[in-house]
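To start, the structure under review is shown below, and the notes come after it.
The values are calculated or read from the model by the stated rules, or taken from the named source; none is laboratory data. Because the structure is predicted, anything quoted here is derived from the model rather than measured. With ideal geometry, Cβ positions are generated from the backbone for all residues, glycine too; neighbour counts draw on all protein chains shown.
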Amino acid sequence: MCYSSSVPTTKLFIDGKFVESKTSEWLDIHNPATNEVIARVPKATQEEMLAAVDSCSQSYHSWSETSILARQQIFLRYQQLIKDNIKELARSITLEQGKTLADAEGDVFRGLQVVEHTCSITSLMLGETLPSITKDMDTYTYRLPIGVCAGIAPFNFPAMIPLWMFPMGMVCGNTYLLKPSERVPACTMLLAKMLQDAGMPDGTLNIIHGQHDAVNFICDHPAIKAISFVGSNQAGEYIYERGSKNGKRVQSNMGAKNHGVVMPDANKETTLNQLVGAAFGAAGQRCMALSTAILVGEARNWLPELVERAKALRVNAGDQAGVDVGPLISPQAKERVNSLIQSGVDEGAQLLLDGRNVKVKGYENGNFVGPTIISNVTPQMKCYTEEIFGPVLVVLEAESLDDAISLVNNNPYGNGTAIFTTNGATARKYTHKVDVGQVSVCGPICVRTSHLYSKTCTQQLLFSMGIQFYTQIKTVTSQWKAEDSTVKTPAVSMPTMG
Ligand code: NAD
């Protein structure tokens, strides 16, 4: 492969230094709006990955012993640095990932909220106590770090998802090995520099780049105690199995097919706007996108208006004024989305809005797909069974709320769901009966705030991205006897009372 010397290379971050990889294997990073090569990312060598994990191991002892107040201070400075640089971070996201600048700022902002949450660590890490569980005996628990932790991130949220991972892991006293998505590493590198500037000691965060070899290294290295993964089902199931077999704590947060159930009594204007925003925002490349609508009863008549609103969205490069929908991440993603649209047509669905031939002036080589709506979809169709991850809304119809609930519960994905209604009893029934971990009423699905990470666990989604995941509990029981109550005989039976 021949590269112009002007193409910048992405550095590794090892032991507090941004270093050029010695690898001979490099991957191109493209601007999704033009497909121009904008950077190269290395596949780190075994030696480099070993150096990174060794650095994490060596710094663990001092970092885990650093006072919790000192750790908190670093993250207080860190959140300010992120706030001060939100525009620069957003620009790097738009360049590599393609999403609109406004949406990229939202990406940083939602990650920032996690960093802000880490600043409450002095309360989050509190243990529990129970005095006098028997005579002279007290019991208490400590929350302690677990060691070297690792994160493997996807491409769709270059700021938010890495920020779900290392800040919470590190504020708990763990050291961290991060592998960003090889398609969007720039924002992570900026975030690492800011963490260093906030005062994080060298070696506590290390960053490697690569694909399968790097993932296998993380799953297999004995020093790594826990892995946080976010990405597709294929990779997530593999990492969950391989990491768990090696005795690691693993959380895999995977794919989605989120349903929005529209009742005929819903506020039509609000519902249609929210549905369009949640289906096509970020070009549908959000795990929380509402990619499937179920129109109940008379709500089926709203389809023409839904199409009109989707049609009005402006498709363009993410840094252009007034843009609503940016490009997909790669030509392969575009091809895959287009072929899933075609599969719907071939299987008898109706293509109400076809974004496949969208033309964007000045960006003819970009990976653009315009908003697409497929109706008359049935649960057996490929466009329903597979996650599309593009600006495509598939629409099903149901006669009743019960039918809609049964459709949602029969779908294997359980990331999130929404119901649009003005009837409280309908909303209550839906939230209680639906077998999905996150339910929104009358609004798009929220990306969870950090204090809820450990609470939403369902079907294929395994969530525990918070304090519980990054700490272990040690229980101490102590019996300080007064001098006049010496134990005179051995107690060989289990006690039957206090
Ligand atoms: P991906 O699975 O392709 O990549 C994620 C990470 O895994 C990357 O770092 C990549 O290098 C690595 N990887 C990719 N394929 C692998 C394989 N076969 N074996 C081992 N490692 C592999 O995911 P993506 O395309 O970057 O991201 C999109 C996916 O992420 C979608 O499915 C989306 O729903 C999901 N996602 C889920 C959540 C959530 O919270 N559940 C959030 C964001 C994205």
Here are some residues: 293, 299, 312, 333. Which one is away from the ligand (no atom under 14 Å from the Cβ), hydrophobic (A, V, I, L, M, F, W, C) and farther than 30 Å from residue 431 by Cβ?
312
Number of positions in the stretch 424-442 that are closer than 13 Å to residue 271 by Cβ and either within 16 Å of the ligand (Cβ to nearest atom) or loosely packed, with under 14 Cβ neighbours inside 10 Å (or both)
1
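Residue by residue, here is whether (1) in contact with a Lys or Arg (Cβ under 9 Å, 6 or more places away or on another chain); (2) part of a loop (DSSP other than H, G, I, E, B); (3) at pLDDT 95 or above holds:
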| position | (1), (2), (3) |
| --- | --- |
| 380 | no, yes, yes |
| 384 | yes, no, yes |
| 405 | yes, no, yes |
| 426 | no, no, yes |
| 431 | no, no, yes |
| 435 | no, yes, no |
| 440 | no, no, no |
| 444 | no, yes, no |
Quick one: in the stretch 252-267, of everything that is touching a helix residue (DSSP H, G or I) at 6+ places or on another chain (Cβ under 6 Å) and of a type outside the set (A, V, I, L, M, F, W, C), which residue is nearest to residue 328 (Cα to Cα)?
255
Any chance residue 151 is at positive phi and in contact (Cβ under 8 Å) with a residue 12 or more places away in the chain:
no
From (1) part of a loop (DSSP other than H, G, I, E, B); (2) touching a strand residue (DSSP E or B) at 6+ places or on another chain (Cβ under 6 Å); (3) modelled with pLDDT of 85 or more, pick out the condition that doesn't hold for residue 390.
(2)
Residue 249 closer than 30 Å to residue 175 by Cβ and basic (Lys, Arg):
yes
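Which of the strands (runs of 3 or more DSSP E) contained wholly in the stretch 180-292 include at least 1 residues that are closer than 30 Å to residue 385 by Cβ and touching a residue at least 12 places away in the same chain (Cβ under 8 Å)?
Numbers: elements: 205-207, 224-230, 249-253, 258-262.
The qualifying strands (runs of 3 or more DSSP E) are 224-230, 249-253, 258-262.
Going through the stretch 216-256 one residue at a time, which ones are over 24 Å from residue 472 (Cβ atoms), more than 15 Å from the chain's Cα centre (by Cα) and of a type outside the set (Ser, Thr, Tyr)?
Initially, the stretch 216-256 is screened for residues over 24 Å from residue 472 (Cβ atoms), giving 216, 231-235, 237-238, 254-256.
In the following step, the residues that additionally are more than 15 Å from the chain's Cα centre (by Cα) were identified as 216, 234, 237-238.
Passing the criteria: 216, 234, 237.
Scan 332, 320 and give me the residue that is out of contact with any Leu (no Cβ under 6 Å at 6 or more places or on another chain), of a type outside the set (Val, Ile, Thr) and either assigned to a helix (DSSP H, G or I) or touching a residue at least 24 places away in the same chain (Cβ under 8 Å) (or both). Talk me through it step by step, then tell me what you get.
On the way: 320 fails: either assigned to a helix (DSSP H, G or I) or touching a residue at least 24 places away in the same chain (Cβ under 8 Å) (or both).
Unique residue meeting the criteria: 332.
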Check whether at least one residue in the stretch 294-306 is under 29 Å from the mean Cα position of the chain (by Cα), assigned by the TED database to the domain that holds residue 440 and without any contact (Cβ under 8 Å) to a residue 40 or more places away in the chain, and report yes or no.
no
Might you let me know whether the stretch 85-97 holds any residue that is part of a helix (DSSP H, G or I) and exposed (fewer than 14 other Cβ atoms within 10 Å of the Cβ)?
yes
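Looking only at the stretch 462-496, which residues are of a type outside the set (A, V, I, L, M), modelled with pLDDT of 90 or more and part of a loop (DSSP other than H, G, I, E, B)?
Once the filter is applied, which keeps residues that are of a type outside the set (A, V, I, L, M), modelled with pLDDT of 90 or more and part of a loop (DSSP other than H, G, I, E, B), the stretch 462-496 yields 480, 489, 490, 493.
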Kindly check whether there is at least one residue in the stretch 269-292 that is assigned by the TED database to the domain that holds residue 439, of a type in the set (D, E, K, R) and surrounded by 23 or more Cβ atoms within 10 Å (Cβ to Cβ).
yes
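Hey, any hits in the stretch 179-188 for a residue that's among the small types (Gly, Ala, Ser) and within 8 Å of the ligand (Cβ to nearest atom)? Steps first, answer last, please.
Step one: of the stretch 179-188, the residues among the small types (Gly, Ala, Ser) are 181, 186.
Next cut, within 8 Å of the ligand (Cβ to nearest atom) only: 181.
Yes, that holds for at least one residue.
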